[in-house]
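Colleague: Quick one: the structure is below, questions incoming.
Computed from the coordinates by the stated procedures, all read-outs in this text should not be read as laboratory data. Just so it is clear, the model here is predicted, and its values are computed rather than measured. Cβ coordinates were reconstructed from backbone atoms using ideal geometry, including for glycine residues, and neighbour counts include every protein chain displayed.
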Amino acid sequence: MPVEPSLQQGFHHGRSRLWTRRLVAWGEGLGECLYPSHCGLCLQPGPPVCAGCREELPQLPAPCPTCALPLPVSGVCPECLRHPPALDALHAGWAYAWPLDQLILAYKHGADVRAERILAALVERVATTARETDGTEQPLRPDVVLPVPLHPERLRERGFNQSEYLARRVARVLGVVLDCDGLRRIRVTGSQQALGRQARRRNVKGAFAWTGPSLTGRRVLVVDDVATTGATLSALVGVLRQAGAERVEGLVLARA
Ligand SMILES: [Zn+2]
Ligand SMILES: [Zn+2]
């Protein structure tokens, strides 16, 4: 099949960006060897995000267990009570506000390696501190971790899928299997940014398909960078349940 010129350009653009990232990552790796590790936000020696900087990130007080909406008191939000969401739980680390929003954008659209290092540390933190909302309060124990996939066309444009990178970190820190191929985005969807709740649902309806092995009786954790109305996550829950998933939870860095 002939490739449209615009796609080909996108492909090469994405590829060169990927190589730039690899080169910068190599340089960073070398830097790590020469200088002790430091906090990516305040540059003090220590872990990739120090405890002080982490505490200053935009908090989500009393998040609703199924949509992560911050509430004045803990419990399920009125919207989730009226219309129980498709996801069994949504674990979100922080609110989508400064500086996390800028870091996520810098990583997603600029492949910023410093942002990547910070977000990796933060998503691992979410995965290890989140608790099951099924009444057990246990640490997360999914059977399989999946990234929200990009459509192949978008992947060629961008050169990488930020959700896949985050999912890889989550799977590793939880010691769980990662599946990056089973869930496919079969339809190109326009940006969700300017759309309202209903329009977002329509935009992602039928956008996903499951092509992997049966998920019968399995607990699935889907990882993405940001959840806004949860429309994207909800759209893929249906196909995962059809594939047999017993429980489907979402994990995101930030809730918008
Ligand atoms: Zn710091
Ligand atoms: Zn809710």
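Colleague: List the residues, sorted by chain then number, that are 5 or more residues from PHE208 or on another chain and whose placed amide H is less than 5 Å from its amide H.
Modeller: Long-range HN contacts for PHE208: ILE186.
Colleague: Tell me the label-point distance for the pair LEU43, THR211, using the 7 Å Cα-to-Cβ offset, in nm and rounded to one decimal.
Modeller: Inter-label distance under the simple model: 4.6 nm.
Colleague: Another question about this same structure. Scan segment 120-207 for trypsin sites (Lys or Arg not before Pro) in coil per DSSP, keeping those whose Cβ has at most 16 other Cβ atoms within 10 Å, and list them by number.
Modeller: Details: sites: ARG125, ARG131, ARG154, ARG156, ARG158, ARG168, ARG169, ARG172, ARG184, ARG185, ARG187, ARG197, ARG200, ARG201, ARG202, LYS205; in loops: ARG187, LYS205.
Sparse-neighbourhood loop trypsin sites (Lys or Arg not before Pro): ARG187, LYS205.
Colleague: What residues have an amide H closer than 5 Å to that of VAL248, excluding those fewer than 5 places away on the same chain, when H is modeled at 1.01 Å from N in the peptide plane?
Modeller: ASP88, VAL220
Colleague: State the extension gain, in nm to one decimal, for the chain segment bounded by GLU246 and GLU56, taking 0.36 nm per residue of separation less the distance between their alpha-carbons. Please report the intermediate quantities before stating the final value.
Modeller: Values: separation 190, 0.36 × 190 = 68.40 nm, distance 3.64 nm.
Value of the extension gain: 64.8 nm.
Colleague: Check LEU60: other-chain or 5+ apart residues with amide H under 5 Å from its amide H, H built from backbone geometry?
Modeller: Answer set, sorted by chain and number: ALA95.
Colleague: Given labels modelled 7 Å from the Cα in the Cβ direction, how far is it in nm from ARG82 to ASP143?
Modeller: 3.6
Colleague: Specify, per residue and in Å³, the volume enclosed by the convex hull of the alpha carbon atoms belonging to segment 41-149.
Modeller: 139
Colleague: Determine by what factor the alpha-carbon radius of gyration of segment 199-256 differs from 2.2 N^0.38 Å, reporting the quotient. Please list the in-between numbers first.
Modeller: Values: Rg = 11.6 Å, N = 58, 2.2 N^0.38 = 10.3 Å.
This ratio for segment 199-256 stands at 1.13.
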